[in-house]
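*Asks:* Have a look at the structure that comes next, please.
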Amino acid sequence: MVLATLPVLAQQQTPPAQPGSNRIERGLGLRGPGQRRMHGRRGDKEGRRGARLDQSLNLTAEQKEAQRAIVQRHIAATKSQREQLFQLREKKLAGAFTEEDQTRARQLRQELRESMGGIRSESLALLTPEQRTRLESLRTERQQRREEMMMKRRRSIQ
């Protein structure tokens with residue numbers, strides 16, 4: 001029975017690829033200098049981190065809502081920059097990327113970094129002094145773990 005279906009399967013053709021279905025066309029799988037591979041989906045990763053931070057800092061419902069509003073406001077404010085950066089990436093993939101485009105991409109990335117800094121400073125202003133102290137200790141612990149991992153890697157390489 002299985003052998004009888006093999007010729008039928010062999011005759012079936014795969015449908016033509018849709019534009020944008022290729023990983024390279026979508027801008028995936030190509031990383032420039034300094035860009036790291038992300039495992040999993042970014043929203044999942046940040047969602048877990050945010051949830052852990054909420055629990056670690058014991059944020060109130062009002063603080064959580066205010067944080068969401070801050071992020072949404074910054075997302076809306078930077079939509080134009082993100083879209084322009086995406087268009088520049090498409091242009092780079094098409095091979096039509098100029099020096100002016102590169103300069104503009106750097107400028108856009110800097111604007112996005114500044115917006116992220118704004119999110120951080122506004123979010124920090126939401127915290128109580130005790131929560132700020134706890135956040136600083138969590139950052140210190142994370143930095144120490146990172147340094148320990150780097151030392152382990154250096155030792156394993158040598």
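Coordinate-derived values only; no laboratory data. Predicted model, so just to flag it, every value in this text is computed and none were measured. Cβ atoms come from the backbone with ideal geometry, glycine included; neighbour counts cover every protein chain shown.
*Asks:* Do you know which residues across the stretch 101-135 are under 23 Å from the mean Cα position of the chain (by Cα) and acidic (Asp, Glu)?
*Replies:* Asp101, Glu111, Glu114, Glu122
This table checks each residue for (1) under 25 Å from Gln63 (Cβ atoms); (2) of a type in the set (A, V, I, L, M).
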| site | (1), (2) |
| --- | --- |
| Leu85 | no, yes |
| Lys91 | no, no |
| Arg113 | yes, no |
| Ala125 | yes, yes |
| Thr128 | yes, no |
| Arg146 | no, no |
| Lys152 | no, no |
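*Asks:* Does Thr133 qualify as being within 23 Å of Glu62 (Cα to Cα) and polar (S, T, N, Q)?
*Replies:* yes
*Asks:* Right, next: Would you mind finding the one in Thr78, Thr98 that is more than 17 Å from the chain's Cα centre (by Cα) and among the hydroxyl-bearing types (Ser, Thr, Tyr)?
*Replies:* None of the other options fit; the residue is Thr98.
*Asks:* Okay, moving on. So which residues in the stretch 142-158 are more than 27 Å from the chain's Cα centre (by Cα) and polar (S, T, N, Q)?
*Replies:* Ser156, Gln158, listed by residue number.
*Asks:* For the stretch 105-115, check the following and say yes or no: at least one residue is over 19 Å from Arg82 (Cβ atoms) and of a type in the set (Gly, Ala, Ser).
*Replies:* no
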